[in-house]
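Notes follow the structure.
The values are calculated or read from the model by the stated rules, or taken from the named source; none is laboratory data. The shown structure was predicted, so the numbers you read here are calculated from the model rather than taken from an experiment. Here the Cβ positions follow ideal geometry from the backbone for every residue, glycine too, while neighbour counts run over all protein chains shown. Areas reflect the complete protein model, heavy atoms only, side chains present, ligands, DNA and RNA absent. Shrake-Rupley method; radii C 1.70, N 1.55, O 1.52, S 1.80 Å.
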Amino acid sequence: IDLELGVRDFERCRTLYGRWLEHDPARAATWCRWAELEAALLDEERARALYELAVRPDAGLDVPELAWKAYIDWEFGEGRVEAARALYERLLLLTDHVKVWVSYANMELAVAAIGDGESHEQQGESASARIRSIMERALVALKNRPDDRLLALQAWRELELQQDNQEFADGLT
């Protein structure tokens, strides 16, 4: 594939990726690399279709979190924050792992940092509200797992400190 990329034969790359996945459809890294190629070729529709195939619940990937992360990162990187949020919500229907909750909240912090047309004060307030909502939901989801709940609380405190919400952060200790 790298050789074909070198000579810019993208159709051949697509063929090779297709054959690779016929042979080993459970390999998440292959799905991601193919989707990344399509994104680099500015074929968003094809990239999204590949990511969608990879994150299907029945895809049986060896490392499904790799495909989910790549998909979310790609959508966020393209400025499609609502699409990234929707992907996080879909992922949370499949798992309630503490890392997913924290990553989701961190994305909201990043959204506040890059801005979305609101004033700086409005961004901070809406980001804080979104982060708090996510972390409150996390605590409910993790209520029967004390170790994960503690990790979520610690992450939430750090998020609040990053937003200069010292008083709120102190309330989480």
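Need a quick list: helices (runs of 4 or more DSSP H) entirely within the stretch 21-112 having at least 1 residues that are open to solvent by less than 30 Å² (accessible area, probe 1.4 Å) and under 21 Å from ARG137 (Cβ atoms). Walk me through how you get there before you give the answer.
On the way: elements: 28-40, 44-54, 64-77, 81-94.
Per the criteria, 64-77, 81-94.
Can you tell me how many residues in the stretch 65-82 are of a type outside the set (Val, Ile, Thr) and either more than 14 Å from ALA35 (Cβ to Cβ) or touching a Gly at 6+ places or on another chain (Cβ under 6 Å) (or both)? Step through it out loud before you land on a result.
Taking the stretch 65-82 and keeping what is of a type outside the set (Val, Ile, Thr), we get 65-71, 73-80, 82.
Remaining after also requiring either more than 14 Å from ALA35 (Cβ to Cβ) or touching a Gly at 6+ places or on another chain (Cβ under 6 Å) (or both): 65, 76, 79-80, 82.
The number of residues fulfilling the criteria is 5.
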First in the stretch 58-75 and over 17 Å from VAL100 (Cβ atoms), second anywhere and open to solvent by less than 20 Å² (accessible area, probe 1.4 Å), Cβ under 6 Å, 6 or more apart: ASP62/ALA28
The one condition in (1) open to solvent by 60 Å² or more (accessible area, probe 1.4 Å); (2) under 21 Å from LEU93 (Cα atoms); (3) polar (S, T, N, Q) that GLN154 fails to fulfil: (2)
